[in-house]
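Presented below is the structure to which this report refers.
Every read-out reported here was derived from the displayed coordinates using simple, explicitly stated rules and does not represent laboratory data. Please read these numbers as outputs of a predicted model, since none were measured by experiment. So basically every Cβ, Gly included, is an ideal-geometry build from the backbone, and we count neighbours across all protein chains shown.
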Amino acid sequence: ADGQPVADCLFCKIVAGDIPAAVVRQTEDTVAFKDINPQADIHDLVVPRAHYANAAELAANAPELSAALLVEAGEVAKAEGIADDGYRVVFNTGAHAGQTVFHVHAHVLGGDFLSTFGN
Ligand code: 5GP
Ligand code: ZN
């Protein structure tokens, strides 16, 4: 995994501007946009411009970029006005977790009460 674009990758196409998306924020390294099928009042996706299949691949191959992605998830929450009330950051990894797009993306969810698990 070297971060190079993948021709048939949906999120590489959004990063390149070849497929439109409702962009919330952009940085040199990341793009954040609205999820097309929101599962919460606020549901954004934050992706690195570079292509890595999932969070583990990103962290193993580009640790500084994985940190930048987490920082940007926090900035997106602030921009959406959900940082103070609280929000969730999720990385689905692999088929059993329901990952359908194999370009790493942080789901940023908030804005209303989220269902919880483990308590
Ligand atoms: P995953 O299940 O892989 O963690 O999440 C993929 C997410 O991408 C889903 O929440 C889905 O709604 C979203 N998604 C799929 N296709 C598109 C698209 O073309 N545009 C946008 N903005 N989101 C998409
Ligand atoms: Zn990609």
Task: Per-selection metrics, the chain (Cα): Rg and Dmax in Å - done: 13.7, 42
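Restricting to DSSP H runs of at least four residues, report the calculated mean residue ellipticity at 222 nm for the chain, -39500 (n - 2.57) per run over all residues, nearest 500 deg cm²/dmol.
Details: 3 runs with 32 residues, N = 119.
When only DSSP H runs of four or more count, the value is -8000 deg cm²/dmol.
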- [ ] Take each of the peptides 41-50, 93-102, 26-35, 55-64, average the number of other beta-carbon atoms within 10 Å over its residues, and list them starting from the highest.
- [x] 41-50, 26-35, 55-64, 93-102
Open item on the list: Taking θ = phi - 60°, what integer Hz values does the Karplus form 6.51 cos²θ - 1.76 cosθ + 1.60 yield along segment 31-46, in sequence order, with x for Gly and Pro?
Closed with: 9, 10, 8, 5, 5, 6, 9, x, 9, 7, 3, 10, 9, 10, 10, 10
TODO: Compute the FRET efficiency between GLN4 and ASP41 as 1/(1 + (r/R0)^6), taking r as their Cβ-Cβ distance and R0 = 35 Å, and round to the nearest 0.05.
DONE: 0.45
